[in-house]
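Please treat every number below as a calculation from the coordinates, not as lab data. Quick caveat: nothing in here was measured; it's all calculated off a predicted structure. Using ideal geometry, Cβ is built from the backbone for each residue, glycine included, and neighbour counts are taken over all protein chains shown.
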Amino acid sequence: MDIKTVGVIGAGQMGNGIAHVMALAGYDVILNDLNEDALKAALAKIEKNMARQVSRSLISEDDMQAGLTRINTSLDVAALGTSDLVIESATENEAIKIKILEGLVPHLNEHAIVTSNTSSISITRLAARTDRPEKFMGFHFMNPVPLMQLVELIRGIATDDDTYQACLAVVEKLGKTAASAEDFPAFIVNRILVPMINEACYTLYEGVGNVASIDNAMKLGANHPMGPLELADFIGLDTCLAIMNVLHDGLADTKYRPCPLLAKYVAAGWLGRKTGRGFYDYRGEGTPQPTR
């Protein structure tokens, strides 16, 4: 299938990153969100990030201008009806994703492929709420999208090979690498990564170490570029908790029990960088300070 137009639902951190890389790769992009301010912020963020790439000689000024002209925005999901490929990239909440998908499919062309950028939710269940489960799959980008090289491609039980091959061709055109994953809770990356973060939360909760010592131990002792609690703040503590709940519910194993301290931070609204506080406090000047 020749994919030319890509619809992206959700103009947040992941959605604007997906629109960014798709436009630079030559696809016409329709970026959809319910909030006009979110769309304006996304376009500004995309332009800023592309300008950074120009300054580092990763792309040319002409590449940037051509990419920006390929991105159009819309508040109406019906505008995605001309898309060959749609990537849903809303918040990691199954009920919200299902509502979006059910509102989307009546507007689509018969040939359109629908995908979700979910980091943990069952592709089979999401596909079953559309009119085209054979043309539905998981298309999971890593954050930040312009920098990270991996894309997880996840087949649902009904996904056909033509759909997989079409999505694989898109990943290759983006200059990224695909990892094929089966449809099990959290797939590959988050099945391994988020339980590690959850264990770091338990290490803090049980008083084995404080925030700084835990993060420094993993950076200097395991050569991780970012400590697990710092990484949790970057991902968003609400997202980490949502993924742990999917693992715990989907696999019914107590080793995936979300840490109570993680749940407490989320209940407080301390979700990490995006809210100014998480395991670190980002509201002051200079280096963020640990909150425990």
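Computed values, structure above
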item	result
Loop sites in the range 9-110: trypsin sites (Lys or Arg not before Pro), DSSP, at most 10 other Cβ within 10 Å	Arg56
Length-normalised contact order for the chain - Cα pairs under 8 Å, 6+ apart - percent	13
Where a label projected 7 Å from the Cα of Ala41 along Cα→Cβ would reach, residues of the range 110-146 with amide N under 18 Å	144-145
Between the range 15-77 and the range 149-187, the Cα center-to-center distance that results, in Å	23
Near-label residues of the range 91-123 by backbone N, under 15 Å of a point 7 Å along Cα→Cβ of Asp131	101-114
Within the range 132-236, GluC sites (Glu not before Pro) in DSSP loop having at most 13 other beta-carbon neighbours inside 10 Å	Glu182, Glu206
Rough spin-label spacing in nm, given labels placed 7 Å along Cα→Cβ, for Met196 and Ala78	4.7
Angle in degrees between helix 36-55 and the longest Cα principal axis of the chain, rounded to the nearest 10	80
Residues of type lysines that Lys40 reaches as a straight line, Cα spacing below 19 Å, ignoring anything fewer than 8 places off in the same chain	Lys48, Lys274
Projected label distance in nm at Ala268 and Gln289, using a 7 Å step from Cα toward the beta-carbon	1.4
FRET efficiency, Thr69 to Glu110 (Cβ-Cβ, R0 35 Å, nearest 0.05)	0.75
Value of [θ]222 nm, deg cm²/dmol, for the chain, DSSP H segments ≥ 4, -39500 (n - 2.57) each, nearest 500	-14000 deg cm²/dmol
Qualifying aspartates and glutamates (Cα of each under 13 Å from Cα of Lys255; at least 8 residues distant if same chain)	Glu199
Per-pair calculated FRET efficiency, R0 = 35 Å: Glu94 and Met226 via Cβ, rounded to 0.05	0.80
Candidate lysines - alpha carbon under 16 Å from Lys4, same-chain residues fewer than 8 apart omitted	Lys173
